[in-house]
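Structure, as structure tokens:
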Amino acid sequence: MKTVSLLFALCMLTLGPASASATACNLVSSNGIVCVQSANKLINTSSGTVAFSSNNTAGNLIVVVLRAAGGATSVPSDTNLNTYQIAYPNLLQGSNRLSVYYAQNIAAGANTVSVAATGASAIRVAIFEYSGLAASNALDQATGTTGTGTSPASPSVTTVSSPELAIGALDTSSAVSIAAAAGSGYALEQCNRS
């Protein structure tokens, strides 16, 4: 397996429901990195679960993106007892918090991810399984920013490894409407409206 790193760039803006939609795992294999599967769910309470539709493959990597309305997120867990690490926790914009976690070198089998955010009224969760990434020390860099407007932009980072998988997450929870789109050379994996 190639030694490939992750790069997380979070941009949390006060924006409206995204008007675009995308099929999950839209990533075309690039330098051996493949989005194997994903799932998402809106949980209308402070904790819940979301399951992968197929078995996870041993050695792959899981990314969990959480947006909590009114509460701080906790490190996820799953039924395969994978160990999750913090990529970027609880980026705060208003009362919402945006977080990214990952588990590397995962166990094989059916898997359900559990998430929680103390005090939250709802949690939007998206989970992704990727192959072709490093089994250890996968995180290269993580950064985040907040702001308001209709043209979101992520913070800049300088990558260390090549190739890299860049993960971006955006909170679009206010009344302003925007169109979410991937920049040149990037794929929009998932776009949820709530």
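Data table
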read-out: Of residues in the range 149-161 being polar (S, T, N, Q) and at pLDDT 70 or above, the one least open to solvent (accessible area, probe 1.4 Å); value: 161
read-out: Qualifying position, being farther than 19 Å from residue 132 by Cβ and either at pLDDT 90 or above or surrounded by fewer than 23 Cβ atoms within 10 Å (Cβ to Cβ) (or both), among 79, 57; value: 79
read-out: Residue ranges of strands (runs of 3 or more DSSP E) in the range 83-132 with at least 1 members surrounded by fewer than 23 Cβ atoms within 10 Å (Cβ to Cβ) and modelled with pLDDT of 95 or more; value: 112-118
read-out: Any hit, the range 140-148, residues being crowded, with 17+ Cβ neighbours inside 10 Å, of a type in the set (D, E, K, R) and closer than 25 Å to residue 47 by Cα; value: no
read-out: Residue ID - farthest from the chain's Cα centre (by Cα), chosen from residues in the range 92-142 that are of a type in the set (Val, Ile, Thr) and under 17 Å from residue 73 (Cα atoms); value: 118
read-out: Given (1) over 13 Å from the mean Cα position of the chain (by Cα); (2) over 20 Å from residue 38 (Cβ atoms), number of the condition residue 89 does not satisfy; value: (1)
read-out: Any hit, the range 12-32, residues being among the aliphatic types (A, V, I, L, M), modelled with pLDDT under 90 and surrounded by fewer than 16 Cβ atoms within 10 Å (Cβ to Cβ); value: yes
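Quick grid of which residues meet (1) in contact with a Gly (Cβ under 6 Å, 6 or more places away or on another chain); (2) under 20 Å from residue 133 (Cα atoms); (3) polar (S, T, N, Q); (4) touching a residue at least 60 places away in the same chain (Cβ under 8 Å):
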| position | (1), (2), (3), (4) |
| --- | --- |
| 61 | no, yes, no, yes |
| 65 | no, yes, no, yes |
| 71 | yes, no, no, no |
| 75 | no, no, no, no |
| 101 | no, yes, no, no |
| 114 | no, no, yes, yes |
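The values are calculated or read from the model by the stated rules, or taken from the named source; none is laboratory data. Keep in mind the model is a prediction, meaning the values are calculated, not measured. All Cβ positions, even for glycine, are placed from backbone atoms using ideal geometry, and neighbour counts span all protein chains on display. Just the protein is used for accessible areas: all its heavy atoms, side chains included, with ligands, DNA and RNA removed. Shrake-Rupley method; radii C 1.70, N 1.55, O 1.52, S 1.80 Å.
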